[in-house]
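Since the structure comes first, as structure tokens, the remarks are kept for the end.
The values are calculated or read from the model by the stated rules, or taken from the named source; none is laboratory data. Keep in mind that what you see is a predicted model, and the values were worked out from it rather than measured. Cβ placement follows ideal geometry from the backbone for every residue including glycine, while neighbour counts extend to all protein chains displayed. Accessible surface areas use protein heavy atoms only, side chains included; no ligands, DNA or RNA. Shrake-Rupley method; radii C 1.70, N 1.55, O 1.52, S 1.80 Å.
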Amino acid sequence: MKKIILPDGREFCYELVRKRVKNINFHVKEKDVVHVSASPLISVKYIEECLIRRADFFFDAFEKIREHEKASAPNTQSLKWLGKDLKIRVIENLREKAVIDENECRVFTKDSSEENVLELVNNAVKERFKAVCAELNETVRSGLREKGFEPPNAVITIKNMKSRWGSCSYTRGHISINLRLSAYPKETVLSVFWHEYAHFWYHDHSENFYRFLLEMFPDYHKYNDVLKVK
Ligand SMILES: [Zn+2]
């Protein structure tokens, strides 16, 4: 690993690998380091000149990595709950419990370490979200009945899922709801419930599926489209 120092004092490192590539390739995948692959025919001097010329671009990339790290770091300051940002307040107390209400999340604990606070908050989120889902499930079931459709028996499971907000196994009568939806407005969670229930009647995402879904829940796109951005 070698270091580049710019005239203005900023510095970064680079790691050079000789490869049978056409010219030079630059790749930033960690903070303050540029990975360079270059043909054996290209001199180090020329490579370093290129690195210096593109320095601003690399610093932008380092900054993006830093921002990403910051955003994904555990947050014990605030909690995204049903579309609101709730302040997390730690209160020294012998109870080991977090309580979520309309305006804030209070954590009662004698151990205010980040790890313990997060665990208590996550437990509270799971418990409260389970109750929210039970309520929304009933909303959808009575909505279906009102329109003349008898809802099938459905077991609701709430869990962390990587790539889906919800899923429906219509053969087994099983609906899974992503726990991460607890950060979104209640109507958005409701839209996922309607979507999954609609799969009991239409298994794919055909026009008929959406016609049925919109007939049942006309505001579907208004509330569900926020999930497509991320
Ligand atoms: Zn679907």
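Could you tell me whether segment 68-78 includes any residue that is under 19 Å from residue 160 (Cβ atoms), surrounded by 11 or more Cβ atoms within 10 Å (Cβ to Cβ), within 25 Å of the chain's Cα centre (by Cα) and of a type in the set (Gly, Ala, Ser)? Taking every residue of segment 68-78 in turn, none turns out to be under 19 Å from residue 160 (Cβ atoms), surrounded by 11 or more Cβ atoms within 10 Å (Cβ to Cβ), within 25 Å of the chain's Cα centre (by Cα) and of a type in the set (Gly, Ala, Ser). Is at least one residue of segment 196-207 buried (at least 17 other Cβ atoms within 10 Å of the Cβ), out of contact with any Phe, Trp or Tyr (no Cβ under 8 Å at 6 or more places or on another chain) and closer than 29 Å to residue 84 by Cα? Within segment 196-207, one or more residues are buried (at least 17 other Cβ atoms within 10 Å of the Cβ), out of contact with any Phe, Trp or Tyr (no Cβ under 8 Å at 6 or more places or on another chain) and closer than 29 Å to residue 84 by Cα. Taking first residues from segment 175-189 that are within 16 Å of residue 126 (Cβ to Cβ) and partners that are open to solvent by 10 Å² or more (accessible area, probe 1.4 Å) and among the polar types (S, T, N, Q), the Cβ contacts under 6 Å between residues at least 6 apart in sequence or on separate chains come to 176/157; 176/167; 179/160. Only helices (runs of 4 or more DSSP H) whose full extent lies in segment 121-230 are considered here, and the ones with at least 2 residues that are in contact with a helix residue (DSSP H, G or I) (Cβ under 9 Å, 6 or more places away or on another chain) and within 27 Å of residue 89 (Cα to Cα) are 186-198.
Only residues that are at pLDDT 95 or above and within 12 Å of the ligand (Cβ to nearest atom) were counted in segment 170-192, giving 4. Taking the condition among the aliphatic types (A, V, I, L, M), outside any helix (DSSP H, G or I), under 37 Å from the mean Cα position of the chain (by Cα) and closer than 12 Å to residue 4 by Cα, does residue 34 pass? Criteria met by residue 34.
Is one or more of the residues making up segment 43-62 open to solvent by 40 Å² or more (accessible area, probe 1.4 Å), in contact (Cβ under 8 Å) with a residue 60 or more places away in the chain and not hydroxyl-bearing (Ser, Thr, Tyr)?
no
Taken over segment 44-65, the residue count meeting the criterion of being over 18 Å from residue 29 (Cα atoms) and outside any helix (DSSP H, G or I) is 0. Annotation note: Cβ proximity below 7 Å between a residue of segment 207-230 that is more than 13 Å from residue 194 (Cα to Cα) and a residue that is open to solvent by less than 100 Å² (accessible area, probe 1.4 Å) and within 12 Å of the ligand (Cβ to nearest atom) (sequence gap 6+ or interchain) occurs for 208/202; 227/165.
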